[in-house]
Amino acid sequence: MFPDAKILDIDLSKGKVDVMTIPGETYRLYPGGSALGVYLLLNKMPAGVDPLSPANVLAMTSSPIAGLPVSGGSRLNITAKSPLTGGVGDSQSGGYFGAHLKANGWDGIAITGKSDKPVYLYIDGDKAELKDASAIWGKVTGEAEEIIKKEIGEDKLQVVQIGPAGEKMVKFAAIINDCSRANGRTGMGAVMGSKQLKAVVVKETKSAPAVNKDKLMELSKRIAAGVKENPTVAGLQENGTAGELGGNHEAGFLITRNWQTGQFPGGWEKITGQTMTETVLKKNDSCFACAVRCKRVVEIDGKVDPRYGGPEYETCATFGSYCGVDDLEAVCVCNQICNMYGMDTISCGATISFAMECVENGLLKDDGLGLKFGNAEAMIKACEMIAKREGALGDLLAEGSARAAAKIGGNAKDYSISVKGQEIPAHMPHFKPALGVIYAVNPFGADHQSSDHDPMLSEAPDTDARKWYAQIGLWKGYEDHFEMDAEKARFALETQKYFSVADTLGLCQFVWVSGWALTGPDDIVDLCKYGIGWETSIYELMLVGERRINMMRFFNQREGFTKADDVLPERIFQKIPDGPGKGQGLTKESFEYVRGLYYENAGWDSETGNPTDGTLSRLSLDWLKKL
Amino acid sequence: MTILYNGKSVEAEDKITVAAFLDHNGYGKKRTSVWLDGRQLLTSEYQTVELTQGCTIKVVRILGGG
């Protein structure tokens, strides 16, 4: 028997807290994460609603396996209609909230309506109540968390919250937990702010035991033992995700000055994870039960408080090389601003780099700010202005680069390196061309964690990566991973489905699904079996992953999205002008060829790019046709 | 001996293994793929296969996502 899902059903307009139960046989089709999230959205929200209106549904979800004592197994997912893209929004974060939400008995929370005053939701076991948040509205995350803990009289609480940026509905506002971890992408914080919901708080409690404790512990120990043996994961523990920043520069694919080039000579060494470790790192932090401990905590006297964590690779790139800034301290300060005020570091840094290029080309006035590539001080000031929507410039950039470009006019749109309105993260399709296709077709905009990356296909045939790929039907290795052929289309789609399993079950890809990670498909099957007695298979799980993608795609179809939205900015098709990557690029022809094959393989209409009726039926999604 | 390494002619120790060559060239524990005279080596071969005079070795650093 698959367990039922227990959902907290909150209507903020009415101040009502109800319980919704999803029967196990249904939950098994959408077992957590954004599969459950988009299921709730499609059931509770009509098409065409304003993302910042009360009718939007904000879904916070864990999964049936959250809280098991295993590395990378309890991520928190947040889904809603995105104010940044206008389509489905989705983002995941690490930390402890997902595990404790499940431990309190809840698989998810569905929030509709808008409160007439600021509130927060407090969950303690079966008890859930809305509490007045007037005293914390306007506070940054660290202050708000302190006040909440004092008010409830309990220190062992997990708090997910928005900062002032979410309250002001910055289009890429994030939802922050532990003051240092972000459900960053697609503007979920703005949705929460529009509802006047400041925070969701759960009391920490003990998780339910695994159904087969011995076997689960065996798996858990094997994963933990693998950390030191795996060069990539060991590197994550030693230097964090930014440890590979130098490798990207050396290969010629470190996004620099708003995608104008792929190398940052003289600057990259100063913003790497290694430099962070040697200079400002205070300690490593961990997510629930995780042996990897890749999370950075930095401290800079008088400037950066360790409470706000430390920058990831994406943050070092977007506030570093994207902006031509070689100052790690400035990167750390911007990371802190984003975590205090609640903003996505990718969209924020990328939008500032967009603004720098607009200013340098005379398209945008910065009122003396000096917003040019390399100016760290101006970058920090711009970050603060965006967080507060301060002045005309802060208010403009708080809309994200795509909307800002439309307002600026001229050729500003050429400098917004975004897909579906969301800024592209720090991995170049010039180097990872199949990833470029995923950037284009992904339902919630460009995302680097929705599929595996091309270079992994050059791994030797006897590696775990190649073995695991073969288990999901990917047999071909590449000497030249830049190549774009029919098998690349399969690689893009099949790894997207596989990563979608992770985003459903709340699994961290650093442990579970990346080719370079610690576990393979069989291990996920074992985790489900030993953890909750779910006798599944990789076949069923891949269907789960594919179902999630198609539900999201259907959501977007209802909002008017088509193949015309599955495109990449022109700059992506320009060849890299210098450095080791000189001359490398993704051609439009190869992109369109592989995207076309991707549609066919996915069972999506080649004209519209939307799932066919047959595809929906194959995935048990006939009910969508009646919506 | 002289070998061709990533398109450049370089000097290498006689009978050096692939693993030692990678180590000597700063790859350490970094994730790499190696082609020797056009054939991709298995990782299990790195410790035993030796480079020879005039051989062509291609080393690719594997950079994943995250």
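Annotation: of all residues in segment B:46-66 being among the hydroxyl-bearing types (Ser, Thr, Tyr) and within 13 Å of chain A (Cβ to nearest Cβ), the one that is nearest to B:Leu22 (Cα to Cα) is B:Tyr46. When A:Tyr530 is tested against (1) in contact with a Lys or Arg (Cβ under 7 Å, 6 or more places away or on another chain); (2) outside any helix (DSSP H, G or I); (3) buried (at least 23 other Cβ atoms within 10 Å of the Cβ), just one condition goes unmet, and that condition is (2). Residue selection: A:Leu568 satisfies the criterion of being closer than 30 Å to A:Trp268 by Cβ and crowded, with 20+ Cβ neighbours inside 10 Å. For segment A:197-254, which positions are within 11 Å of another protein chain (Cβ to nearest Cβ), within 25 Å of A:Asp178 (Cα to Cα) and among the hydrophobic types (A, V, I, L, M, F, W, C)? Answer for segment A:197-254, where residues must be within 11 Å of another protein chain (Cβ to nearest Cβ), within 25 Å of A:Asp178 (Cα to Cα) and among the hydrophobic types (A, V, I, L, M, F, W, C): A:Val233, A:Ala234, A:Leu236, A:Ala242. Evaluating A:Lys117 against the criteria (1) touching a Ser or Thr at 6+ places or on another chain (Cβ under 9 Å); (2) closer than 23 Å to A:Ser93 by Cβ; (3) of a type in the set (D, E, K, R) leaves one unmet condition, (2).
If you check A:Lys131 against the conditions, is it part of a helix (DSSP H, G or I), charged (D, E, K, R) and touching a strand residue (DSSP E or B) at 6+ places or on another chain (Cβ under 8 Å)? Against the criterion (part of a helix (DSSP H, G or I), charged (D, E, K, R) and touching a strand residue (DSSP E or B) at 6+ places or on another chain (Cβ under 8 Å)), A:Lys131 does not qualify. Residues that are under 19 Å from A:Ala517 (Cβ atoms) and among the basic types (Lys, Arg) within segment A:51-82 comprise just one, A:Arg75.
Going by what's in this entry, would A:Ala502 be described as within 14 Å of another protein chain (Cβ to nearest Cβ) and in a helix (DSSP H, G or I)? It would help to see each step written out before you state the result.
Numbers: within 14 Å of another protein chain (Cβ to nearest Cβ): yes; in a helix (DSSP H, G or I): yes.
Considered against the rule, which asks whether it is within 14 Å of another protein chain (Cβ to nearest Cβ) and in a helix (DSSP H, G or I), A:Ala502 comes out as yes.
Within segment A:13-35, one or more residues are over 23 Å from the mean Cα position of the chain (by Cα), closer than 24 Å to A:Tyr539 by Cβ and among the aliphatic types (A, V, I, L, M). Taken together, B:Glu50, B:Glu45 contain a single residue that is acidic (Asp, Glu), farther than 20 Å from A:Lys467 by Cβ and touching a residue at least 12 places away in the same chain (Cβ under 8 Å), which is B:Glu50.
Filter segment A:505-525 down to residues that are β-branched (Val, Ile, Thr) and assigned to a helix (DSSP H, G or I) and give me whichever is surrounded by the most Cβ atoms within 10 Å (Cβ to Cβ). Don't jump to the end; show me each part of the working.
Residues of segment A:505-525 β-branched (Val, Ile, Thr): A:511, A:513, A:519, A:524-525.
Still in the list and also assigned to a helix (DSSP H, G or I): A:524-525.
Values: A:Ile524: 22, A:Val525: 18.
By that ranking, first place goes to A:Ile524.
Of the residues making up segment A:557-576, those that are over 19 Å from A:Gly596 (Cα atoms) and part of a helix (DSSP H, G or I) are A:Arg558, A:Arg571.
Checked against (1) outside any helix (DSSP H, G or I); (2) surrounded by 24 or more Cβ atoms within 10 Å (Cβ to Cβ); (3) of a type outside the set (A, V, I, L, M), A:Gln336 passes all but condition (1). Taking helices (runs of 4 or more DSSP H) as the structural unit, those lying wholly within segment A:387-466 and holding at least 3 residues that are within 14 Å of chain B (Cβ to nearest Cβ) correspond to A:433-441.
The residue of segment A:108-128 that is farthest from A:Asp9 (Cα to Cα), among those that are small (Gly, Ala, Ser) and not in a loop (DSSP other than H, G, I, E, B), is A:Ala128. Scanning segment B:24-42 for residues that are surrounded by 18 or more Cβ atoms within 10 Å (Cβ to Cβ) and either touching a residue at least 24 places away in the same chain (Cβ under 8 Å) or more than 8 Å from chain A (Cβ to nearest Cβ) (or both) yields B:Arg31, B:Thr32, B:Ser33, B:Val34, B:Leu36.
Readers should treat all values here as calculations from the given coordinates under stated rules, not as data from a laboratory. This is a predicted model, so every value here is computed, not measured. When we count neighbours, we look across all protein chains shown, and the Cβ atoms used for this are built from the backbone with ideal geometry, even at glycine.
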